Structures are given as structure tokens and as C-alpha cells.
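Q: Pasting a structure here, questions to come.
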Amino acid sequence: MTQPFQFPNGQLAYSAEDLLKLCQQFPDDGVNYLVREDLEKWLAYIGQEDIARCAANARQTPLEDRQKLEEFLTKCHALSSPESRDLTEKAIEPTPVAVETPVVEAKPEPIPVVVETPVVETNPVKQQAENIQSSNSSNSTEAKPSFFRAIARLIVNILYRNKG
């Protein structure tokens, strides 16, 4: 069994409707309970979550405390009135809707293939030095003519040219 909400004068509220009536009869006490969050805690305790949310929303509004209580009471009366209950129940009832969803065949997407090519560093000075070095090493295996031989060949060529 749930504990009733007690006002300082001894009045007890056993339901949300009782609590709203007592807040209207004793607004100073109602303002005090609203600001201290007592109303929303008790309403949540008895399972009246929607009215507890109204109390929390009213408490958090940037109004004077008395206006907060008035806003809370106005919203709660709108929630608890028979007309609003009928509208709320109708709004909550799901309306069956026939919806045809087209069947779409999923085509597999091609997977991109990433090919990494190695980066070859080209340094022209380094490459030229390597070429010279390799040409020197290949020439060193061949027999190089001596200085005197080269001069002798040159002289022979010059002499034979002049004769003919």
C-alpha cells in the first residue's frame, strides 16, 4: 500500500487528483512542495509519471514560484480531464497502415583493389656518379695503352697522312 501525501494541516492525498485539490486549497504549501521536488517524487512513487513530469517541467521554468504552481495545476487538469484522456487514448492507439515495401535486390559492390608501387628515389647526381664508377670499373679490365704508346700512335698517324 502506498503512503499518502500529507500536508502540514493534516490533510492527506491518496491520489494525484487529491494532491491537485490540496495544492489549490493551500497554494503556499503547494508552492513549497513543488519547489522542493516533493510533489514530483511522490507522484512518481504512486506511478503517475506523466504528472510527475509536469511538476518537474513547471519547477524548472523561469517563472515566479507561485506561477510555477499555477502552470503545474493547469497542465495537470488538462491531463486529467476526461476529454484529454479520450484524446490521449485515441492518440496512443496505433493505427494499422498497410505499407508495401518494394523488394530490392542488393548488388554486390566491387571492392577496390589498392596496388602499392614502390617509390624509387631518383637522384641524378648519385646516378651519374654510379654510371661513371661502373664505366671506370669496366674499362679497368681492358688493357689501357700507356702514355708513350698513345703518343707513338698519334705520331704514326700524322706521318702517314702527310705521305699520301
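The values are calculated or read from the model by the stated rules, or taken from the named source; none is laboratory data. Computed from a prediction, not measured in an experiment: that's the story for all the values here. When we count neighbours, we look across all protein chains shown, and the Cβ atoms used for this are built from the backbone with ideal geometry, even at glycine.
Q: For segment 58-74: of the residues being touching an Asp or Glu at 6+ places or on another chain (Cβ under 8 Å), over 18 Å from E17 (Cα atoms) and not basic (K, R), which is surrounded by the fewest Cβ atoms within 10 Å (Cβ to Cβ)?
A: Selected residue: T61.
Q: Same structure again: Just checking, how many residues over segment 70-86 are at pLDDT below 75 and either of a type in the set (A, V, I, L, M, F, W, C) or not in a helix (DSSP H, G or I) (or both)?
A: So the answer is 2.
Q: Taking the condition of being farther than 22 Å from Q25 by Cβ, under 32 Å from the mean Cα position of the chain (by Cα) and small (G, A, S), how many residues in segment 40-76 meet it?
A: 1
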